[in-house]
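The values are calculated or read from the model by the stated rules, or taken from the named source; none is laboratory data. Computed from a prediction, not measured in an experiment: that's the story for all the values here. Cβ placement follows ideal geometry from the backbone for every residue including glycine, while neighbour counts extend to all protein chains displayed.
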Amino acid sequence: METIKSEYLDYFETYAARHPELTEEDVAIMADPWDVNEDVLLGYVLSLLI
Amino acid sequence: MSDAKQLLAERLTRIEKAVNLEKPDRIPIFALNGPEVAIDYCGRSLKSATWNLELVRECLPVYYKDMKVDAAAATFLRCPGMYTTIGSQNFIPNKDGFMQHPEVCGMLSTEYEELIKDPFKTLVEKVLPRQYKAFDQPGALGGLNLAKGALSYLRHTKILREIDQYCIDSVEIPIIFDNMIEAPFDFLADQLRSFKGISVDMHRCPELVEQACEALLPLMLRWGVTGYSGAPKKIPAIFMPLHMPPFLNPKQFERFYWPTFERLVNGLTGLGYTITLFIEGNWSKLYDYLGCLNPNVVGIFEYGDMKVIKEKVGKTMCIMGNYPIEALKSDSTEQCIDIAKKMIDDAAPGGGYIFTTGKSILRGKGLDLEKLQAVHQYVIDHGKY
């Protein structure tokens, strides 16, 4: 699967990098739902331009 | 198995065999149309239907059944409600509700570097606010409108998929296309730079055009996968309309279009998907390229000599399309059938062929759909292997 680098789509990754106090467990809990939303957002934005 | 389930299974097998370049029991017939023609055919108002999708649910199965088709595409209808509320500049309804797509430019030539660096951010921050004025609002309002638009899109898409399921259940029509994507160059040309803009860019900043296509490729690959319903399957296929190649010379095609298009198609077929290309315009100078694509590609041809197409790409690609819908307007029923007969003689031998029109039938007005019924009946009666 392609990984898309973007400040928008990698929002959580960027956020986590700025907050070293977050544990790996925090990251795992928060990353999953964001992954779902990421694809919805990608699909919506691209569908408006096709 | 009930008669209805048996019929659905027969139709699906017919299509699958053709896609696999085999000979089915007879030539399958595909309905290449939007829901608008079904609304016209049933004598309902398109303007009403675009605001009330129940009318689409009512009319599509009637159209598919009366036209005697074996399969159809996923229902796709741009509704004014979705577009006008977010201030769309790129899709605008005409008087009777049909959506028009004017020439638009969503990205300036000075913004290539930004697009290449972070394409998704540039689409959200630069392109969308130009094409959709509701997103170009100060403070949180633009973001809120984006969220509202996304919610509306999700609800709209859900209803369209329910209509697909209704067509499967009520008239046993398999839906053989799923999601839709674009080639990176087409995506860049269509609504980012515009036809005029991209034509100039290929001369003024060719390296940036190449890099922009490379930057957009991962988005299209990912959208192809995440927009598809479930795990990769042969049927339904991912639909990809191809726009710009007839307007490019061979050198431009090879430099700007082909590299990312080929990787997109071969990447997705490599994952187990089938790709259906809608090959718009005249591609006769480009058949050799199409013949190089990996298997599991279906080509709907708008124009061309079916015999040549079969020879050039038929070894690896299931072919369909090419029936001229203009004939339904001006020719007699016998002449319409004669065209179909020649097309079958040229394209059907050996299998790997699906009968359909060269253009998507958008509206019913001006076309004699009884002639299309007669043509389809001819294919049913004389298209047996």
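Just a yes or no: is a residue in the stretch B:175-184 out of contact with any Gly (no Cβ under 9 Å at 6 or more places or on another chain), surrounded by fewer than 17 Cβ atoms within 10 Å (Cβ to Cβ) and of a type in the set (Asp, Glu)?
no
Look at B:Val124 and say whether it is crowded, with 16+ Cβ neighbours inside 10 Å and either more than 28 Å from B:Lys158 (Cα to Cα) or modelled with pLDDT under 90 (or both).
Values: crowded, with 16+ Cβ neighbours inside 10 Å: yes; either more than 28 Å from B:Lys158 (Cα to Cα) or modelled with pLDDT under 90 (or both): no.
When the stated conditions are applied, B:Val124 does not pass them.
Every residue, every condition in (1) within 13 Å of chain A (Cβ to nearest Cβ); (2) polar (S, T, N, Q); (3) assigned to a helix (DSSP H, G or I), yes or no:
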{"site": "B:Ile163", "(1), (2), (3)": "no, no, yes"}
{"site": "B:Cys167", "(1), (2), (3)": "no, no, yes"}
{"site": "B:Asn179", "(1), (2), (3)": "yes, yes, no"}
{"site": "B:Phe195", "(1), (2), (3)": "no, no, yes"}
{"site": "B:Leu208", "(1), (2), (3)": "no, no, yes"}
{"site": "B:Gln211", "(1), (2), (3)": "no, yes, yes"}
{"site": "B:Leu221", "(1), (2), (3)": "yes, no, yes"}
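Which helices (runs of 4 or more DSSP H) sit wholly inside the stretch B:23-132 and have at least 3 residues that are more than 23 Å from the chain's Cα centre (by Cα)?
In the stretch B:23-132, B:112-117, B:119-122 are the helices (runs of 4 or more DSSP H) which contain 3 or more residues that are more than 23 Å from the chain's Cα centre (by Cα).
Can you tell me which condition B:Ser109 does not meet? The list is (1) in contact (Cβ under 8 Å) with a residue 40 or more places away in the chain; (2) among the small types (Gly, Ala, Ser); (3) farther than 17 Å from B:Phe187 by Cβ, and all the others hold.
Of (1) in contact (Cβ under 8 Å) with a residue 40 or more places away in the chain; (2) among the small types (Gly, Ala, Ser); (3) farther than 17 Å from B:Phe187 by Cβ, only one is false for B:Ser109: (3).
Would you please name the residue that is farthest from the other protein chains (Cβ to nearest Cβ), looking only at residues in the stretch B:223-238 that are of a type in the set (A, V, I, L, M, F, W, C) and surrounded by fewer than 21 Cβ atoms within 10 Å (Cβ to Cβ)? If you could, list the steps in order and put the result at the bottom.
If we filter the stretch B:223-238 for residues that are of a type in the set (A, V, I, L, M, F, W, C), which is where we start, we get B:223, B:225, B:231, B:235, B:237-238.
Still in the running and surrounded by fewer than 21 Cβ atoms within 10 Å (Cβ to Cβ): B:225, B:231, B:235.
Working: B:Val225: 6, B:Ala231: 13, B:Ile235: 21 Å.
Of everything passing the filter in the stretch B:223-238, B:Ile235 is farthest from the other protein chains (Cβ to nearest Cβ).
Somewhere in the stretch B:265-283, is a residue free of Cβ contacts under 8 Å to residues at least 40 places away in the same chain, among the acidic types (Asp, Glu) and either in a loop (DSSP other than H, G, I, E, B) or within 17 Å of B:Lys342 (Cα to Cα) (or both)?
Scanning the stretch B:265-283 turns up at least one residue that is free of Cβ contacts under 8 Å to residues at least 40 places away in the same chain, among the acidic types (Asp, Glu) and either in a loop (DSSP other than H, G, I, E, B) or within 17 Å of B:Lys342 (Cα to Cα) (or both).
Go through the stretch B:271-286 and give me each residue that's within 15 Å of B:Met220 (Cα to Cα) and more than 17 Å from the chain's Cα centre (by Cα).
Answer for the stretch B:271-286, where residues must be within 15 Å of B:Met220 (Cα to Cα) and more than 17 Å from the chain's Cα centre (by Cα): just B:Leu271.
Residues of the stretch B:353-371 being within 22 Å of B:Phe177 (Cα to Cα), in contact with a helix residue (DSSP H, G or I) (Cβ under 6 Å, 6 or more places away or on another chain) and buried (at least 19 other Cβ atoms within 10 Å of the Cβ), which ones?
B:Tyr353, B:Ile354, B:Phe355, B:Ile361 - these are the residues of the stretch B:353-371 that are within 22 Å of B:Phe177 (Cα to Cα), in contact with a helix residue (DSSP H, G or I) (Cβ under 6 Å, 6 or more places away or on another chain) and buried (at least 19 other Cβ atoms within 10 Å of the Cβ).
Out of contact with any Asp or Glu (no Cβ under 7 Å at 6 or more places or on another chain) and closer than 30 Å to B:Lys65 by Cβ, is that true of B:Ile116?
Details: out of contact with any Asp or Glu (no Cβ under 7 Å at 6 or more places or on another chain): yes; closer than 30 Å to B:Lys65 by Cβ: no.
Spelling it out, it is not the case that B:Ile116 is out of contact with any Asp or Glu (no Cβ under 7 Å at 6 or more places or on another chain) and closer than 30 Å to B:Lys65 by Cβ.
Determine, yes or no, whether B:Met320 is under 21 Å from B:Ala237 (Cα atoms), touching a residue at least 24 places away in the same chain (Cβ under 8 Å), under 23 Å from the mean Cα position of the chain (by Cα) and buried (at least 19 other Cβ atoms within 10 Å of the Cβ).
yes
Select from the stretch B:181-193 the residues that are facing chain A (nearest Cβ under 8 Å) and touching a strand residue (DSSP E or B) at 6+ places or on another chain (Cβ under 9 Å) and write down the one among them that is farthest from B:Phe239 (Cα to Cα).
From the stretch B:181-193, those facing chain A (nearest Cβ under 8 Å) are B:181-182, B:187, B:190-192; that's our starting set.
Still in the list and also touching a strand residue (DSSP E or B) at 6+ places or on another chain (Cβ under 9 Å): B:181-182.
Details: B:Ile181: 6, B:Glu182: 8 Å.
Per the stated criteria, the residue is B:Glu182.
When only residues in the stretch B:112-135 that are more than 11 Å from chain A (Cβ to nearest Cβ) and free of Cβ contacts under 8 Å to residues at least 24 places away in the same chain count, which is nearest to B:Asp201 (Cα to Cα)?
B:Glu114
Table: residues versus (1) surrounded by fewer than 19 Cβ atoms within 10 Å (Cβ to Cβ); (2) hydroxyl-bearing (Ser, Thr, Tyr).
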| residue | (1), (2) |
| --- | --- |
| B:Leu21 | yes, no |
| B:Pro24 | no, no |
| B:Ser45 | yes, yes |
| B:Asn90 | no, no |
| B:Ser109 | yes, yes |
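Just one of B:Val308, B:Val298 is among the β-branched types (Val, Ile, Thr), surrounded by fewer than 23 Cβ atoms within 10 Å (Cβ to Cβ), in the same structural domain as B:Ser229 (by TED's automatic domain parsing) and within 30 Å of B:Leu369 (Cα to Cα); which is it?
On inspection, the qualifying residue turns out to be B:Val308.
For residues that are in contact (Cβ under 8 Å) with a residue 40 or more places away in the chain and within 14 Å of another protein chain (Cβ to nearest Cβ), scanning just the stretch B:149-161, find the one that is surrounded by the most Cβ atoms within 10 Å (Cβ to Cβ).
Kept after step one, since they are in contact (Cβ under 8 Å) with a residue 40 or more places away in the chain, are these residues of the stretch B:149-161: B:149, B:152-153, B:156, B:159-161.
Within this subset, residues satisfying the condition of being within 14 Å of another protein chain (Cβ to nearest Cβ) are B:149, B:152-153, B:156, B:160-161.
Values: B:Gly149: 23, B:Ser152: 17, B:Tyr153: 18, B:His156: 16, B:Leu160: 18, B:Arg161: 15.
The extreme case among them is B:Gly149.
Would you call B:Gly81 not aliphatic (A, V, I, L, M) and not assigned by TED's automatic domain parsing to the domain that holds B:Ile354?
Yes, satisfied.
For B:Ile15, all conditions in the list (1) at pLDDT 95 or above; (2) more than 30 Å from B:Lys365 (Cβ to Cβ) hold save one; what is the number of the exception?
All conditions are met except number (2).
Where the second residue is polar (S, T, N, Q) and the first is under 14 Å from B:Val375 (Cβ atoms) and lies in the stretch B:342-360, which pairs have Cβ atoms under 9 Å and are six or more apart or on separate chains?
B:Met343/B:Asn322; B:Thr356/B:Asn322; B:Thr357/B:Asn33; B:Thr357/B:Asn322; B:Gly358/B:Asn322
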